[in-house]
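Asks: Sharing a structure, written as structure tokens. Questions coming.
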Amino acid sequence: MAAQSRPTTTPHGQPDESPDQGRMVGLFWMDRDGCWLGAPAGAEGTGVRLTDEGLTPVGVPASGTLSWAGIERVSVPDAPARSGLRRGLRTAIDVATSMAGFGGPDSGHQMTVCVTHADGQSEFAVLSAAAPAYTEREVELSHQVLARFVAGELRPSVLTDWWRSTGSRSGPKPQEREAVLERLLTPAGP
């Protein structure tokens, strides 16, 4: 069996957002291996992979795919969300402290993916793909997309199809990421 390739990450643990490696839109990360909720699982980390069949925790012992048909709800209640002003201030502080020799941005905000299913509730730790935070609107729209996955009205492949169709463009800005999610939520789809 061939070794599974792992996404490249930056020194701070965040995914490398180069066009060949993947892109973030809301709480989702798309790369050649598919769609992830939060950042992809690193070499020794945990993650949650989303497929059209269901949700697969990675790096968690004795876990398998949870079928969308058996899932009642998926949420990420502690996703780091900030207004544009607060994100800008946090970035300025991170740069200033790094330049002053006090370290740099943290290694990524850990988030909890909460999955409610027929057998109860499961929680999985993932890293945020946003440094320093997602926009409040991105988080809201991402939860709406997750609700559509659960309801069977959307499939995660729409995100990977979008990623493949974008070619070699650089990662989208927050307003562009919000627009992608809004298009997914319109009745006509992407």
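Asks: How charged is the neighbourhood of L185? Take every other residue with its Cβ under 11 Å from the Cβ of L185, and add Lys/Arg as +1 and Asp/Glu as -1.
Replies: My count for the surroundings of L185 gives -2.
Asks: Can you give the FRET efficiency to the nearest 0.05 for Q121 and Q21, using r as the Cβ-Cβ distance and R₀ = 35 Å? Could you put the intermediate results ahead of the total?
Replies: Values: r = 32 Å, r/R0 = 0.92.
For Q121 and Q21, the calculated efficiency is 0.60.
Read-outs throughout are calculated quantities, based only on the coordinates presented, and are distinct from any laboratory measurement. Every value quoted in this text rests on a predicted model; they were computed, and no experiment measured them. All Cβ positions, glycine included, derive from the backbone under ideal geometry; neighbour counts span all protein chains shown.
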